[in-house]
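Novice: Let me give you the structure first, and then I'll get to my questions.
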Amino acid sequence: MPDLSQIVKAYDVRGVVPDQLDEPLAELFGAAFADVTEAAGAVVGHDMRPSSPGLARAFARGVASRGADVVEIGLCSTDQLYYASGAMTLPGAMFTASHNPAQYNGIKMCRAGAAPVGQDSGLADIRALVERWTEEGVPETATTFGRLSQQDTLRGYADHLRGLVPLAGMRPLKAVVDAGNGMGGHTVPTVLAGLPVELDALYFELDGTFPNHEANPLDPANIVDLQARVRETGADLGLAFDGDADRCFVVDERGEPVSPSAITALVAARELAKHPGSVVIHNLITSWSVPEVVREHGGTPVRTRVGHSFIKEEMARHGAVFGGEHSAHYYFRDFWNADTGMLAALHVLSALGSQQGTLSQLVAEYDRYVASGEINSTVEDQTGRLAAVKSAWADRRAEVDELDGLTVTAADWWFNLRASNTEPLLRLNVEARDAGTMEKVRDEVLSLIRA
């Protein structure tokens, strides 16, 4: 029996192929998904990894074995799968391992309308069924096998996104886009077609072995080529997508990274201009700039834990217009509360193209503090180290909360320390009003973590 505890994560399924995840297991997940969602149909898509088509087809067979029809949309980005789920009002499954190495694959699942499937919203039930069926076999309940059909959703996806952003009247822009051999190479040309954007394409060839660099733009090593190309060509900006193209990272005209918190604040201001007085969700490691900008533009900021299922739940609960995470995930009410880096990229292009200044000038008002970035430390006793840090800061003039890990906030700085759900790591984020204060707080906390 496979050890599902190793591959069923908090929000998705992810493991090494075929050792941990193979086609027979994917078929069981498809059958369990159909039972748990109780839908008459489902939509299934996949990324460019060599194992993805076979796994996706096996999952589709599993869904169909329970009597549900399946629409196979083939190659797609994760947010394109969310579009299909929303537009067709069907549960969906996307086969991808995002930025993980080539030997990995996984399943991101959602209910109809792109509603999340996480541990508390169906994933634990799916796992329990798969474990039981692995031992006992799948009971035959369907009287007829569901129908499998194919549909291309790329044009509909592109049209939907373009309809959400004012793009008329933009000045010509030059953009370097690094797809990292991931699904951005599939979606970007169609989404940007016809816009006054000169596209300089880096690594658009779909290749799930990632021959040029890891498809994780949050790692500075993976945007070096993009930065160099922007500087070399005098481009107005650079965009980098991760493997399944649901996250987008931005580089300004100098080749300097733009903080995802600054992008969150910029997009929040634009969404609040369209929907005055709305709620904007942000996780607790985004910059102080985000809630400040939201309030300045008449909105209400709501702080939440890190993780897309928490963001999506809060989006739905508050009727929020927008949500952002410092990991470069961006969520939109007009996109079924789901995350789409492509829509955030269109907002950046629209904002830049509607005025004459540079991107660095545009985002300066949204980037107000000095941040450490996320610093990971390998720690076996995560609970003990967290307790030690909490104890060390207990007598300071600072506010302590434990919404997600440990957050300590003072007048001029804050830090958050969280344990990884999947690795023996503690993740530290520090922000302050100046570099010296940030470095002092960062170094003191790290000395306690790594003692």
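Novice: Six or more apart or on different chains, Cβ under 6 Å: which pairs go from a residue in segment 26-38 that's closer than 15 Å to Glu140 by Cβ to one that's open to solvent by 10 Å² or more (accessible area, probe 1.4 Å) and among the hydroxyl-bearing types (Ser, Thr, Tyr)? Could you list them?
Specialist: These pairs meet every condition: Ala31/Ser65.
Novice: Next question, about the same structure. Can you work out which of the residues in segment 139-166 that are among the β-branched types (Val, Ile, Thr) and open to solvent by 60 Å² or more (accessible area, probe 1.4 Å) is farthest from the chain's Cα centre (by Cα)?
Specialist: Only one residue tops the list, namely Thr143.
Novice: Please indicate, with yes or no, whether at least one residue in segment 416-433 is in contact with a Ser or Thr (Cβ under 6 Å, 6 or more places away or on another chain) and open to solvent by 70 Å² or more (accessible area, probe 1.4 Å).
Specialist: No, there is no match, as no residue in segment 416-433 is in contact with a Ser or Thr (Cβ under 6 Å, 6 or more places away or on another chain) and open to solvent by 70 Å² or more (accessible area, probe 1.4 Å).
Novice: Taking the residues in segment 79-105 that are open to solvent by 10 Å² or more (accessible area, probe 1.4 Å) and free of Cβ contacts under 8 Å to residues at least 60 places away in the same chain as candidates, determine which candidate is nearest to Val17 (Cα to Cα).
Specialist: Step by step, filter segment 79-105, then rank; the result is Leu90.
Novice: So, one more: If I filter segment 265-277 for residues that are at pLDDT 95 or above, more than 22 Å from Ala351 (Cα to Cα), part of a loop (DSSP other than H, G, I, E, B) and not hydrophobic (A, V, I, L, M, F, W, C), do I get at least one hit?
Specialist: Within segment 265-277, not a single residue is at pLDDT 95 or above, more than 22 Å from Ala351 (Cα to Cα), part of a loop (DSSP other than H, G, I, E, B) and not hydrophobic (A, V, I, L, M, F, W, C).
Novice: Considering segment 144-166 alone, what residues qualify as being in a helix (DSSP H, G or I) and farther than 30 Å from Gly234 by Cβ?
Specialist: Correct list: Leu154, Arg155, Gly156, Tyr157, Asp159, His160.
Novice: Looking only at residues that are part of a helix (DSSP H, G or I) and buried (at least 22 other Cβ atoms within 10 Å of the Cβ) in segment 40-66, which one is farthest from the chain's Cα centre (by Cα)?
Specialist: Ala64
Novice: Another question about this same structure. Is it true that Phe241 is within 24 Å of Asp159 (Cβ to Cβ) and either touching a residue at least 40 places away in the same chain (Cβ under 8 Å) or open to solvent by 50 Å² or more (accessible area, probe 1.4 Å) (or both)?
Specialist: yes
Novice: What are the residues in segment 219-238 that are closer than 22 Å to Gln355 by Cα and either without any contact (Cβ under 8 Å) to a residue 24 or more places away in the chain or surrounded by fewer than 20 Cβ atoms within 10 Å (Cβ to Cβ) (or both), if any?
Specialist: Those that are closer than 22 Å to Gln355 by Cα and either without any contact (Cβ under 8 Å) to a residue 24 or more places away in the chain or surrounded by fewer than 20 Cβ atoms within 10 Å (Cβ to Cβ) (or both): Arg231, Thr233, Gly234.
Novice: Every residue in segment 1-25 that is free of Cβ contacts under 8 Å to residues at least 60 places away in the same chain, in a loop (DSSP other than H, G, I, E, B) and open to solvent by 60 Å² or more (accessible area, probe 1.4 Å), please.
Specialist: Asp3, Pro18, Asp19, Gln20
Novice: Now a separate question. Specify which of the listed residues (Ala112, Ala84, Ala102) is in contact with a Ser or Thr (Cβ under 8 Å, 6 or more places away or on another chain), at pLDDT below 95 and within 23 Å of His329 (Cα to Cα).
Specialist: Every option except Ala102 fails the conditions.
Novice: Looking at segment 311-334 only, could you name the residues that are open to solvent by 10 Å² or more (accessible area, probe 1.4 Å) and not in a helix (DSSP H, G or I)?
Specialist: Answer for segment 311-334, where residues must be open to solvent by 10 Å² or more (accessible area, probe 1.4 Å) and not in a helix (DSSP H, G or I): Gly319, His326, Ser327, His329.
Novice: From the residues in segment 26-39 that are under 17 Å from Glu131 (Cβ atoms) and of a type in the set (Asp, Glu), which one is surrounded by the most Cβ atoms within 10 Å (Cβ to Cβ)?
Specialist: Across segment 26-39, the extreme among qualifying residues is Glu27.
Novice: Follow-up question, since we're still on this one. If you check every pair at least six apart or on different chains, which have Cβ atoms under 6 Å apart with a residue in segment 42-57 that is among the polar types (S, T, N, Q) first and a residue that is open to solvent by 20 Å² or more (accessible area, probe 1.4 Å) and modelled with pLDDT of 95 or more second?
Specialist: Pairs that qualify, where the first residue is among the polar types (S, T, N, Q) and the partner is open to solvent by 20 Å² or more (accessible area, probe 1.4 Å) and modelled with pLDDT of 95 or more, are Ser51/Val17; Ser52/His46.
Novice: Another one. State the number of residues belonging to segment 167-216 that are without any contact (Cβ under 8 Å) to a residue 40 or more places away in the chain, in a loop (DSSP other than H, G, I, E, B) and either crowded, with 21+ Cβ neighbours inside 10 Å or of a type in the set (Ser, Thr, Tyr) (or both).
Specialist: Of the residues in segment 167-216, 1 are without any contact (Cβ under 8 Å) to a residue 40 or more places away in the chain, in a loop (DSSP other than H, G, I, E, B) and either crowded, with 21+ Cβ neighbours inside 10 Å or of a type in the set (Ser, Thr, Tyr) (or both).
Novice: Next question. Would you mind stating whether His308 is crowded, with 22+ Cβ neighbours inside 10 Å and out of contact with any helix residue (DSSP H, G or I) (no Cβ under 9 Å at 6 or more places or on another chain)?
Specialist: yes
Novice: Pull up segment 244-264, narrow it to residues that are assigned to a strand (DSSP E or B) and among the aliphatic types (A, V, I, L, M), then point me to the one that is surrounded by the fewest Cβ atoms within 10 Å (Cβ to Cβ).
Specialist: Val258
Novice: Okay, next question. Please work out which residue is modelled with the highest pLDDT, limiting yourself to segment 1-33 and to residues that are within 13 Å of Met109 (Cβ to Cβ) and touching a Pro at 6+ places or on another chain (Cβ under 8 Å).
Specialist: Phe33
The values are calculated or read from the model by the stated rules, or taken from the named source; none is laboratory data. Bear in mind that the values here come from a model prediction, so they are computed numbers and not experimental data. Using ideal geometry, Cβ is built from the backbone for each residue, glycine included, and neighbour counts are taken over all protein chains shown. What goes into the accessible areas is simple: the full protein's heavy atoms, side chains included, and nothing from ligands, DNA or RNA. Shrake-Rupley method; radii C 1.70, N 1.55, O 1.52, S 1.80 Å.
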